[in-house]
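Just so it is clear, none of the values below were taken in a lab; they were calculated from the coordinates. Since the model is a prediction, treat every value here as computed from it, not as a measurement. Backbone-built Cβ (ideal geometry, glycine too); neighbour counts: all protein chains shown.
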Amino acid sequence: MEDHGLGAAMTMARIVFEQSSRRSGRTESLLLRARPGDVIVVTTARDRMLLKRKLEESGKADVRVSVMTPDLDPRGRGGTNREGATLFDHSWIEAWWTKRIAGIRDELVAIERDMSTEPPPAASRSDMAWRFSEYEHRR
């Protein structure tokens, strides 16, 4: 276990950033940047529907919206957009970072396990990582 708290602190920083960025204009900025032929990638069908409606209202119905979960590298799943740019909405990017941070923490656990002959001692309640991980699971 990465008991220094860096992985947990990165997760907390991402959560704080996500919460403080609400209503900051990220979606409006994305709509302004989108051009004909572009594809915007979102995480859910609901997000797709909402974004498509906003694009139509702003006269950009020729921008496509695609649903793609951030669990795998999107380059291997959807091909290249040959008509324009591929843009990711903020919720997709936040989910991508969440998966990456968790993946790094899991990889460190696997490295520690693979390089040990005995399991590591349990985390102490005074460890920062333990405190943050408990908060993260309650979210």
List the residues whose amide H sits under 5 Å from the amide H of residue 5, counting only those 5 or more places along or on another chain, with H placed 1.01 Å from N in the peptide plane.
-> 129
GluC sites (Glu not before Pro) within segment 55-108: DSSP coil, no more than 16 neighbouring Cβ in 10 Å | 83
Rg ratio (alpha-carbon, reference 2.2 N^0.38 Å) - segment 32-98 = 1.06
